[in-house]
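Q: Starting off with a structure, shown below.
Each value in this text was obtained by applying a stated rule to the coordinates, not by laboratory testing. Worth saying up front: this structure is predicted, and the values here are computed from it rather than measured. Ideal geometry is used to build each Cβ from the backbone, glycine not excepted, and the neighbour counts take in all protein chains shown.
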Amino acid sequence: MLTKDLLRVSRAGGGYHPQFVDDARERLAARVLGVYQGHVGETRADLQAALTDLEGGAEDFKLVRGFAKLVEREADFETRAAVPPERARKRVFEAAEAVGVVTETERREAIDRAADRLGVDADAVEASLYADLEDRQVLAAVDSRWTPAELVTQYNLSLAQTALFDATEVRVRSSDPTTLVSAVKRLRLMYEIRTTPDGREVVVTGPDALFSNTRRYGTRFARLLRTVAQASEWELTATVDDRGTDRELQLSDGDVAVPGVDPVTDVTYDSGVEADFAARFSALGLDWRLVREPEPLEAGEHVVVPDFAFEWAPGGDATVGNTSDPDAPFRVFFEVMGFWTPEYVEKKLDRLAAMEDVEMLVAVDESLGVGDAVEARDHRAIPYSGSVRVKDVRDALRPYEDELVAESAADIPAELRPEADVVSLAALAADYGVSEDAIEDKAFPDHERVGRTLVRPSVLDALADDVEAGMSLSDAEAILEGYGIDDDSAVLARIGYRVEWTGLSGGTVRERDSE
């Protein structure tokens, strides 16, 4: 972003049009970069003088200053002095009091006395006195990440961001609406999604747009533009308060781009409440996969992008992801309703009421007092204060889970005959694409269930011959592993042994009835 004094806009036709530059300005951008690179080791005053000379030969001095503003953010300035300036001033002022400085000769005497006390020569003291003033600081290095072409691209982006400082409403159509909505929520801006003849449109306002002027949220709109511009296709229309006059600003992917952007793949969250919940829920290892900001849902003329979706994935990956599984057999959507304005809450409730055939859980901040209103729209309300209790969400999901387990169990034969001599219940359930609960009550005629593992009786007999009392636990575990068994304690108990532990160093296999 640039400062407001560097904004270049046209108000022709009553609009608000940033004065973007094209590749014809790359030469000027290169000259600005060259001025900085050529003044490494020189003072800021000398650098500024060179930039001022460059402004004189340019058509628009604001353009030179805009380029310079961007480059300067990547420049390092430092104070270079033989004596720390504050210390030099202190010593000179002390000496001046003793001398009573009035004339140039007396000033020189004060500096000489200070130099004697500091152990340096007088010229070093004089050079150090005000070396920390901004115009006397030295340009130590310029590590610009931009080529001239990229500097032009960054300038156009920054100019557009600055033009959004006074925006009161922003409307965006994007080829990547999910990323857009995620950024809107992360910036704590209010939004709604409308369906228009040209597609879906995200309408964004400031948090207090319903009560007062939203100008102070202009910097958030500006930051949002960077995300908008990363999409391959987009259009943005903003209402700008131009000194009391509403003007329309229009931008598109043909105007603004982001130089050197890498795709964002990490899961991000709009609030600490959501991040905390996601971490604690995924740690449970349930048969639900948590998806961050799944696909938009139809809500009458609008759409809603829930914060999460729980996808039924028995035996699958229960971690948090960015994308939904199109083959997931069932989804429950989850919205975290934070501390919002009453009007915005009412809009959210209207959207919930307009959704059909959607299973939705809504975590509601108790301070809002709208839990009953959520329930009235046929969605389960989960009150919370400070953080969402995972147990409450788990309890809300359990009825769906019981029904899904019952359905999957009904499709599985009453008797199961695995081909393997040893197989865990988890692996068998995964083979059938169901949860372990769906096969808990099945019969296994060819196997004996030992703990969470199915083992043929012949394997148990062989183990009884191979394992001996007095054997170290590590040796016994190696034997069990050879048969594909990792449920050591349960199987050892089944063949008549226990483990006698020796501190933390290991254990010895003993017969269960021996003392």
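Q: Which listed residue (PHE277, ALA96, LEU187) has the Cα farthest towards the positive end of the charge dipole for the chain, taking +1 on Lys and Arg C-beta and -1 on Asp and Glu C-beta about the Cα centre?
A: Farthest towards the positive end: ALA96.
Q: Treating only the Cβ atoms of Lys and Arg (+1) and Asp and Glu (-1) as charged, compute the dipole magnitude of the stretch 422-511 about its Cα centre; round to the nearest 20 debye.
A: Values: 7 positive and 19 negative charges, 31 e Å.
That gives the stretch 422-511 a dipole magnitude of about 140 debye.
Q: To continue, here is another question. So what's the gap between the Cα centers of the stretch 391-458 and the stretch 70-104, to the nearest angstrom?
A: Using only Cα atoms to place each centre, the spacing works out to 79 Å.
Q: Right, here's the next one. What order, most packed first, do the peptides 218-230, 105-117, 187-199 have when packing is the mean number of other Cβ atoms within 10 Å of each residue? Show your work: numbers first, answer last.
A: Numbers: 218-230: 22.0, 105-117: 17.2, 187-199: 14.8.
Ranking, from highest mean packing down: 218-230, 105-117, 187-199.
Q: Can you find, among LEU473, ALA414, GLY13, the residue farthest towards the positive end of the dipole of the chain? Put +1 on the C-beta of Lys and Arg, -1 on that of Asp and Glu.
A: Toward the positive end, the furthest listed residue is GLY13.
Q: Give the residues of the stretch 472-496 whose amide nitrogen is closer than 14 Å to a point set 7 Å from the Cα of ALA462 in the direction of its Cβ.
A: Backbone N within reach: 479-485.
Q: Would you mind checking LYS4/LYS348; LYS348/LYS391; LYS69/LYS348; LYS185/LYS391 for any pair whose Cα atoms are more than 31 angstrom apart?
A: Values: LYS4/LYS348 35 Å; LYS348/LYS391 25 Å; LYS69/LYS348 42 Å; LYS185/LYS391 26 Å.
Check vs 31 Å cut-off fails for LYS4/LYS348; LYS69/LYS348.
Q: Using the Cα centre as the reference, give the magnitude of the dipole from point charges on the C-beta atoms of the stretch 81-130 (Lys, Arg: +1; Asp, Glu: -1; all else neutral), rounded to the nearest 20 debye.
A: So the magnitude is around 220 debye.
Q: Figure the gain on full extension for ALA443 and LEU284 (residue separation times 0.36 nm, minus the Cα-Cα span) and round it to one decimal in nm. The partial results should precede the final answer.
A: On the way: separation 159, 0.36 × 159 = 57.24 nm, distance 2.84 nm.
So the chain would gain 54.4 nm between ALA443 and LEU284.
Q: Hey, another quick one. Tell me, what is the FRET efficiency for ASP357 and GLU233 to the nearest 0.05, using R0 = 45 angstrom and their Cβ-Cβ distance as r? All intermediate terms of the calculation are to be shown ahead of the outcome.
A: Details: r = 31 Å, r/R0 = 0.68.
Here the calculated transfer efficiency is 0.90.
Q: Just to be sure I follow: if Rg is taken over the C-alpha atoms of the chain and Rh is the Kirkwood radius over the same atoms, what is Rg/Rh? Before the final figure, lay out the partial values.
A: Values: Rg = 35.2 Å, Rh = 29.8 Å.
Looking at the chain, the ratio lands at 1.18.
Q: Sum -39500 (n - 2.57) across every DSSP H segment of at least 4 residues in the chain, then divide by the residue count to get the 222 nm mean residue ellipticity, nearest 500.
A: Numbers: 17 runs with 198 residues, N = 515.
When only DSSP H runs of four or more count, the value is -12000 deg cm²/dmol.
Q: Here's something else I'd like to know. Dipole of the chain, Cα-centred, from +1 at each Lys and Arg C-beta and -1 at each Asp and Glu C-beta, to the nearest 20 debye?
A: Values: 58 positive and 103 negative charges, 578 e Å.
Charge dipole, the chain, about its Cα centre: 2780 debye, nearest 20.
Q: Could you please report the charge total around VAL499, scoring K, R as +1 and D, E as -1 over all other residues with beta-carbon less than 9 angstrom from its beta-carbon?
A: Details: positive: ARG498, ARG510; negative: ASP488, GLU500.
Cβ neighbours under 9 Å give a net charge of 0.
Q: Separate question: Farthest toward the dipole's positive end in the chain, which of PRO314, VAL364, LEU133, given Cβ charges of +1 (Lys, Arg) and -1 (Asp, Glu) about the Cα centre?
A: Projecting each Cα onto the dipole axis, the largest value belongs to LEU133.
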